[in-house]
Amino acid sequence: MALSPTEREILSRIPTGSDHDPLHPEFPPNEPRFPATPTRQIEVPGFSNVWLKDESVNPSGTHKDRMAWEIIRTYRDFLRAKEAGFADGPLPEMSIISHGSAAIAIQQLLRLYGLPNLRVIVDVSLPRLRADILQQIGCRVYEVDLAHRTLYWQDVLRITENPTGMDITSSAALDPTSRFYDWMAYEILNECPTYCFVPFGTGNLFENIFNVLKHEVMADVPDPRLKVDINQARRCNILAATIQNMNSKACSLYSSRLPYVNYSEHWMRFYRKLGCCGPDSGVKILDEEYLDHALQIAADQGIRCEAAGIAGLALMLQRQDRLPRDQKMLLINTGRTRLLFDGILTEYPA
């Protein structure tokens, strides 16, 4: 089936770059570059070599813009398949479970390219103002008590009234653990830290880092995005911060009932046996008391973040007595959501 004039115009507007060539990156779509976000040294009491990778500079203020771009690429692939005669019918609508950041990042790009609006499941505890903002930018919002339910893809599509659509949250076909943040993973590994601290919510970022490491450890020829010796990169201890309290300041990291998180201690054991990471690597439970200290350090140095975004720093503070004080520490600030609505750039309320 041929593309409609509208579909052809959408396809022509979606930029095309390379999947692997750092000289021709795709992200961010308005000004592609590699690395896409900066890394700078910051001051943390008691440590002399701490660096921050700052994802808050992305268009909607968080690393979720990288995931959102992959959704646009997926629509581009749908249109190309239809153009080549391998698919027909209208473009599918997407559904997602979100605390807000991912939904905003995706919806803003969907609107930019004239693609179908996003359908979003939010927890009933989400502040009314945040749910209203999602609706104002075009999302269809569905409130569910997520604390007491495990939702699989069939549930997501049924609740969002999207029987012929696709669930972003759990679709393995989208390759979320190897595609959503693969460029970001290379940017992180190229820094060659001794320790790297990342937030862990859905786990996609953490899993992308490890899947890139596994690929490079087993590859005969390194990916051109890897700028360091893989034997340096694989010595890094990669620690992820998560929480078990849904009332935490970092509540967007609370996702204990997601059925599609791949991480487990058994999963981690596999990567350790391959020699993909340092021996301290793993997901750690964050104590709430360290979040306030992390937020204060961030505020003092002009770091734009929310509690979940700076959870890596909080975990570093929690474990500071076990860490070498002079070796390179890399903190991933996943940022704080902002949105452009009616020409006005505003912060998404915490």
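Just so you know, all these numbers are worked out from the coordinates, no wet-lab data involved. Note that this is a predicted model, so its numbers are computed, not measured. Glycine gets a Cβ as well: all are built from the backbone with ideal geometry, and neighbour counts include every protein chain shown.
Taking 2.2 N^0.38 Å as the expected size of a compact globular protein, what ratio does the Cα radius of gyration of the stretch 10-67 give against it, to two decimals?
Details: Rg = 14.9 Å, N = 58, 2.2 N^0.38 = 10.3 Å.
Relative to the rule-of-thumb radius for its length, the stretch 10-67 sits at 1.45.
Which net charge results when you count Lys and Arg as +1 and Asp and Glu as -1 among the other residues whose beta-carbon is under 13 Å from that of Leu295? Spell out each step's value before the answer.
Details: positive: Lys249, Arg304, Arg336; negative: Glu288, Glu289, Asp292, Asp300, Glu306.
Every neighbour counted, the sum reads -2.
If each residue of separation counts as 0.36 nm, what is the full-extension length gain between Ser48 and Gln301 once their alpha-carbon separation is subtracted?
89.5 nm
Starting from the Cα of Gln41, step 7 Å along the direction of its Cβ; do the same at Asp19; then give the gap between the two resulting points in nm.
Inter-label distance under the simple model: 3.9 nm.
Working out 0.36 nm times the residue gap between Glu143 and Lys284, then minus their Cα-Cα distance, what length gain in nm do you get to one decimal? Mind showing how you got there, number by number?
Numbers: separation 141, 0.36 × 141 = 50.76 nm, distance 2.95 nm.
So the chain would gain 47.8 nm between Glu143 and Lys284.
In Å, what Rg and Dmax follow from the Cα atoms of the stretch 272-344?
Final numbers for Rg and Dmax: 15.3, 52 Å.
Taking the Cα centre of each part, how many Å lie between the stretch 138-204 and the stretch 281-332?
The two parts, judged by their Cα centres, are 23 Å apart.
What residues of the stretch 86-116 lie in the reach of a label at Ser4, counting those whose backbone N is under 15 Å from a point 7 Å from the Cα along Cα→Cβ?
What the label zone holds, given the 15 Å backbone N cut-off, is 88-93, 114-116.
Just from its helices, what would the mean residue ellipticity at 222 nm be for the chain, if runs of 4 or more DSSP H residues each count -39500 (n - 2.57) and the sum is divided by every residue, rounded to the nearest 500 deg cm²/dmol? Intermediate results must be reported in sequence, preceding the final value.
Details: 11 runs with 114 residues, N = 350.
Calculated at 222 nm, the ellipticity per residue is -9500 deg cm²/dmol.
Would you mind listing how long the stretch 64-173 runs along its three principal axes, going by Cα atoms, in whole Å with the largest first?
If we take the Cα atoms of the stretch 64-173, the spans are 45, 27, 21 Å.
For the chain, give the share of DSSP beta bridges that are antiparallel, in percent and rounded to the nearest 5; count only bridges with both residues there.
On the way: 10 of 37 bridges.
DSSP beta bridges in the chain are roughly 25 percent antiparallel.
Among the aspartates and glutamates, which fall within straight-line cross-link reach of Lys64, defined as a Cα-Cα distance under 13 Å, with same-chain neighbours fewer than 8 residues apart omitted?
Asp54, Glu55, Asp182
Can you sort Asp21, Asp155 so the residue with the fewest Cβ neighbours within 10 Å comes first?
Working: Asp21 13, Asp155 17.
Arranged by neighbour count, lowest to highest, Asp21, Asp155 become Asp21, Asp155.
What are the aspartates and glutamates whose alpha-carbon lies under 18 Å from the alpha-carbon of Lys273, with same-chain residues fewer than 8 places away excluded?
Counting by Cα, and skipping residues close in sequence, Lys273 has these aspartates and glutamates nearby: Glu207, Glu216, Glu265.
What fraction, in whole percent, of alpha-carbon pairs in the stretch 183-231 exceed 11 Å separation?
Working: 811 of 1176 pairs.
Of the Cα pairs, 69 percent sit more than 11 Å apart.
Give, in nm to one decimal, the length gained when the segment between Val228 and Trp267 is fully stretched (0.36 nm per residue of separation minus the Cα-Cα distance).
Numbers: separation 39, 0.36 × 39 = 14.04 nm, distance 2.54 nm.
Full extension from Val228 to Trp267 adds 11.5 nm.
Ranking request for peptides 96-106, 128-138, 182-192: highest mean number of other beta-carbon atoms within 10 Å first, then the rest in descending order.
Details: 96-106: 25.9, 128-138: 14.5, 182-192: 21.9.
Packing order, densest peptide first, comes out as 96-106, 182-192, 128-138.
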